[in-house]
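The values are calculated or read from the model by the stated rules, or taken from the named source; none is laboratory data. Computed from a predicted structure; not experimentally measured. Neighbour counts run over all protein chains shown; Cβ positions are idealised from the backbone, glycine included.
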Amino acid sequence: MSRALAQSPLRGALLGLCPRCGAPTMFHRIASFRDRCEPCGLDYAAFDVGDAAAPFLIFVVGAVVVIGAIWLELSRSPPWWVHVVVWVPLTIGLTLVLLRIAKGLLIALEYKNDARLGRRE
Ligand SMILES: [Zn+2]
């Protein structure tokens, strides 16, 4: 596939698609990148997404979980273990899914804007 067929950065991030060829090769595990895209050879290790997404996700996931827990407690007053069963898996799941999307989006945007660390032009 050519670069002209490349998808939008958000779509690529959601589906884990290579920003160059569109093959589903971006992720090795849920939120870790492969070294490179096998079909087109794009080197994912050359991109530096760092930890930029983590602080943002802490605020988003924290807000969702805290607001949800307060709402659940005030509206239903469930036993304590219901909070554990609901909020612990939701926190872990939201963190992993949103981290994957955010990291994929950062790589897709770096590729689209031809941005690299410490380079001029
Ligand atoms: Zn590729």
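Could you say whether any residue in segment 78-97 is out of contact with any Cys (no Cβ under 8 Å at 6 or more places or on another chain), within 16 Å of the ligand (Cβ to nearest atom) and part of a helix (DSSP H, G or I)?
So far as segment 78-97 goes, no, none of its residues is out of contact with any Cys (no Cβ under 8 Å at 6 or more places or on another chain), within 16 Å of the ligand (Cβ to nearest atom) and part of a helix (DSSP H, G or I).
Could you tell me which of the residues Pro24, Pro89, Pro19, Pro79 is in contact with a Gly (Cβ under 8 Å, 6 or more places away or on another chain), without any contact (Cβ under 8 Å) to a residue 12 or more places away in the chain and of a type outside the set (Val, Ile, Thr)?
Unique residue meeting the criteria: Pro24.
Checking the condition within 16 Å of the ligand (Cβ to nearest atom), modelled with pLDDT under 95 and surrounded by fewer than 16 Cβ atoms within 10 Å (Cβ to Cβ), which residue from Asp43, Asp48 passes?
So the residue among Asp43, Asp48 that is within 16 Å of the ligand (Cβ to nearest atom), modelled with pLDDT under 95 and surrounded by fewer than 16 Cβ atoms within 10 Å (Cβ to Cβ) is Asp43.
Could you tell me which of the residues Pro39, Pro55 is within 30 Å of Lys112 (Cα to Cα) and part of a loop (DSSP other than H, G, I, E, B)?
Going through Pro39, Pro55 in turn, the sole match is Pro39.
Of all residues in segment 1-26 being buried (at least 18 other Cβ atoms within 10 Å of the Cβ) and away from the ligand (no atom under 12 Å from the Cβ), which is farthest from Ile92 (Cα to Cα)?
Once the filter is applied, the top-ranked residue is Pro9.
May I ask you to verify whether Val64 is touching a Lys or Arg at 6+ places or on another chain (Cβ under 9 Å), aliphatic (A, V, I, L, M) and more than 21 Å from Leu106 (Cα to Cα)?
Judged against the criteria, Val64 is not a match.
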